[in-house]
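Written below as structure tokens is the structure these notes are about.
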């Protein structure tokens, strides 16, 4: 009887402990894997997406990952010969190859794009902006970053800044994070257009001067205006405010805890970290950053960013003209569908970098690609969200309360 009681006790302990252990399995070293059906996804629907990508329906896609309930259940990569695809463009000077055909800002050069030196580090482009916001959240959690209401000009010598008026004096860090800076900036033009403000900035020798010296076109906070220069200003502000390089800070306090050991980060001509589009990561590591937000900023029992920062980052700060999208702290927010106002959280990188979080279904999707110029057909957030939702069999809520 005593042996039976011990066995029963061990069985009860196993039943109670095993689920908790399973739930606390973190992808720090590697992603735990499962099958689509085991996590409530239709494998046929996912295979259909895979087949469409492989056929070229969505242009040049490099990877497609699906993670549900913390398990990697779909992991595909697609070989593209970018030396052949963009070989001719790489030799011609133009807006996407402004001044150095062998350098990192020739977007057609296969040594630099989309993979760094032909390896497995993929350019993130403007997903870098989203990750920069996450790093600022880490510094906020560590009480090493100023209040978001701090005026931007506090970090500059006003005597050296052009076009100062009362509106520029009212511009704050929060405005930079939410794309509501009010600076005169035209990034609605294609990146193949030499008049695009970001193309002009990247062709200059001092990106910070280019951005901060722009005149104001409207009141800060009044309207959304996509502005890569505002995101670049955050790199400078981070260094001045914390006394630390944002890349080094990220390596210590964000990448290391998540087990991200391999990355590359481009720098501007003046040596400043390119926070508007210069980061390279592996797709599996990009998924870790998305998963961190899905888990409310928690990682292996440690709060990397606060849950309040996560909530504020993905709260709609401003509406985006021309559609139902909204914008948070460098996060794009997309309605699930026409009749479903719940919001997916996403990054959006030039060429097809799409980390997408469907928190209500405990889902992370990562797509990377290199469809440039951007007029070329590729995956859109709306297509990706719609097709993944069609694959969901188990519709029980996945969002952590």
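Pop out the Kirkwood hydrodynamic radius of the range 152-239 from its pairwise C-alpha distances, inverse of mean 1/r, in Å to one decimal.
Its Kirkwood hydrodynamic radius stands at 12.9 Å.
Where does the chain land at 222 nm, in deg cm²/dmol rounded to the nearest 500, when only DSSP H runs of n ≥ 4 count, each adding -39500 (n - 2.57), divided by all residues? Could you put the intermediate results ahead of the total?
Numbers: 14 runs with 129 residues, N = 401.
Calculated from helices alone, the mean residue ellipticity at 222 nm is -9000 deg cm²/dmol.
Find how many whole Å separate the alpha carbon centroid of the range 293-327 from the alpha carbon centroid of the range 104-139.
Distance between centres, Cα-based: 21 Å.
Based only on Cα atoms, what mean projected area does the convex hull of the chain have, in nm²?
On the way: hull surface 86.6 nm².
If I average the Cα hull's projected area over directions, I get 21.7 nm².
Using square roots of five times the C-alpha gyration tensor eigenvalues, list the equivalent-ellipsoid semi-axes of the range 72-163 in whole Å, biggest first.
35, 24, 9
Taking the simple approach of a point 7 Å from Cα along Cα-to-Cβ for both residue 143 and residue 52, what is their distance in nm?
Reported label-point gap for residue 143 and residue 52 is 5.0 nm.
In which sequence would 107, 191 go, from the one with the fewest C-beta neighbours within 10 Å to the one with the most? Don't jump to the answer; show the numbers that get you there.
Working: 107 27, 191 21.
Neighbour counts put them in this order, fewest first: 191, 107.
Give me the orientation-averaged projected area of the Cα convex hull of the range 279-401, in nm², one decimal.
Directional mean of the projected Cα hull area for the range 279-401 stands at 8.5 nm².
Output needed: percent of Cα pairs per 10 Å distance bin for the range 223-352, bins running from 0 to the one holding the longest distance.
The distribution over the range 223-352 is 10, 36, 40, 12, 1, given as percents.
Helix 127-141 versus the longest principal axis of the chain: what is the Cα-based angle in degrees, 0 to 90, to the nearest 10?
The helix 127-141 is inclined about 80 degrees to the chain.
In what sequence do 244, 266, 143, 311 fall when counting other Cβ within 10 Å, fewest first?
If I rank by nearby Cβ atoms, fewest first, I get 143, 311, 244, 266.
With r as the distance between the Cβ atoms of residue 160 and residue 222 and R0 = 30 Å, compute the FRET efficiency 1/(1 + (r/R0)^6) and round to 0.05.
0.70
Would you kindly give the portion of the calculated P(r) for the range 233-288 that falls above 19 Å, as a percent of all Cα pairs?
Considering the range 233-288, 28 percent of its Cα-Cα pairs are separated by more than 19 Å.
For the chain, find the longest principal axis of its Cα atoms and tell me its angle to the long axis of helix 2-23, 0 to 90°, nearest 10.
So the inclination is approximately 20 degrees.
Quick one: check the C-alpha center-to-center distance for the range 216-243 versus the range 145-171, whole angstrom.
10 Å
Which of 320, 366 has the fewest other C-beta atoms within 10 Å, and how do the rest follow up to the most? Please report the intermediate quantities before stating the final value.
On the way: 320 18, 366 29.
Going from sparsest to densest Cβ surroundings: 320, 366.
Readers should treat all values here as calculations from the given coordinates under stated rules, not as data from a laboratory. As the structure is a prediction and not an experimental result, all values here were calculated from the model. A quick note on method: Cβ atoms are made from the backbone with ideal geometry, for glycine too, and the neighbour counts reach across all protein chains shown.
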